[in-house]
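All remarks here apply to the structure that follows.
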Amino acid sequence: MESRAPDESGISGAEESPGRLSLPAQIFMALAVAVVLGFTAWHLATVFLYVSPPNTVSKQHKETIDGYVLPEFEQNWKLFAPNPLQQNIDVQARAEVQKKDGSTEQTPWVNLSAQDAEAIKHNPAPSHTEQNELRRAWDYFINSHDEKNRPNGVRGELSEQYLKRIVMLRFGPVLNDGKVQSIQLRAEVTPLAAPDWSADKRSTQSSYRQLGWWQVTTADLQKGDRETWSSWEGSGQ
């Protein structure tokens with residue numbers, strides 16, 4: 001008697017359909033989705049508590065919330081903020097440099113905030129440094145000094161060192177063919193114009209908060225710049 005081959009269509013029907021995940025793979029995918037959803041929920045809840053007004057939960061878990069949000073996910077806004085920022089603040093700096101012939105000169109003011117804004121413009125993923133470093137350093141200084149720019153304790157002194165080092169990162173040890181001896185900062189504060197529909201006719205004239213001159217030392221420079229700064233010809237050091 002002639003034997004017949006099994007019906008292949010029947011065999012294929014008994015097998016798993018192509019493209020269907022196995023049970024272990026389905027379990028793994030379900031766990032992965034659960035982890036992603038859980039992390040997303042945690043992230044949104046933590047950021048919400050950070051920007052929301054102080055409450056029982058945010059006060060009780062403040063260290064945990066701050067530890068997660070800062071510095072990578074720092075937010076510069078608050079829900080229900082009573083006093084939104086209504087002014088532009090440009091941090092500017094200039095330097096006193098010593099030339100090789102021993103003479104000194106002051107450089108023009110450099111708008112450091114404008115440099116950051118230009119670096120951020122058209123950049124879909126600007127760095128945290130470009131967005132926040134200078135701005136937060138200036139806020140740190142203002143909040144740790146009185147109106148006469150006198151430091152309120154150790155935090156004030158640290159804020160001065162921080163600002164100096166940020167500026168020296170921008171300027172470098174040599175600027176305009178001269179060794180940077182000292183630097184000076186100021187903030188140009190320009191109120192935003194009121195909208196057309198508002199009866200508020202506030203002035204948009206800029207005002208300035210100018211600091212004194214700060215002497216530059218090797219501690220304010222990157223390691224790679226210290227030798228250049230110390231060995232600059234005509235520096236007298």
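Laid out as a table, the results:
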{"quantity": "Estimated vicinal HN-Hα couplings, Hz - segment 63-70 in sequence order (Karplus 6.51, -1.76, 1.60; Gly, Pro = x)", "calculated": "4, 5, 5, 5, x, 7, 6, 8"}
{"quantity": "Contact order normalised by residue count of the chain, Cα under 8 Å, 6+ apart, percent", "calculated": "18 percent"}
{"quantity": "Overall form of segment 22-83 per C-alpha gyration tensor (a/c, 1.5; a/b vs b/c)", "calculated": "prolate"}
{"quantity": "Principal axis box of segment 98-226, alpha-carbon based, largest edge first, Å", "calculated": "58, 38, 29"}
{"quantity": "Neighbour cut-off at most 13 other Cβ (10 Å), DSSP loop, GluC sites (Glu not before Pro), segment 130-173", "calculated": "Glu147"}
{"quantity": "Whichever lysines have a C-alpha closer than 28 Å to that of Lys201, once near sequence neighbours (fewer than 8 apart) are set aside", "calculated": "Lys78"}
{"quantity": "Under-5 Å amide H pairs with Asn149, H placed in peptide plane, nonlocal only", "calculated": "none"}
{"quantity": "Segment 22-83, relative contact order [Cα under 8 Å, separation at least 6], %", "calculated": "33 percent"}
{"quantity": "Selected from Leu21, Leu134, Leu49 as most flexible by GNM, with the chain as the system and alpha-carbon contacts under 10 Å", "calculated": "Leu21"}
{"quantity": "222 nm mean residue ellipticity, helices alone, for the chain (DSSP H n ≥ 4; -39,500 (n - 2.57); rounded to 500)", "calculated": "-12000 deg cm²/dmol"}
{"quantity": "Cα-Cα over 24 Å, subset of Lys164/Lys223; Lys62/Lys121; Lys99/Lys148; Lys62/Lys164", "calculated": "Lys62/Lys121; Lys99/Lys148; Lys62/Lys164"}
{"quantity": "Ellipsoid semi-axes in whole angstrom, largest first, where each is sqrt(5λ) of the Cα gyration tensor of the chain", "calculated": "57, 29, 19"}
{"quantity": "Farthest positive-ward along the chain dipole, Cα basis, beta-carbon charges - from Ala93, Leu134, Gly212", "calculated": "Gly212"}
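Each reported figure results from applying straightforward, stated rules to the coordinates on display, with no laboratory input. Since the structure is predicted, the reported quantities are computational estimates derived from the model, not experimental observations. Counting neighbours? That spans all protein chains shown, and the Cβs are built from the backbone with ideal geometry, glycine included.
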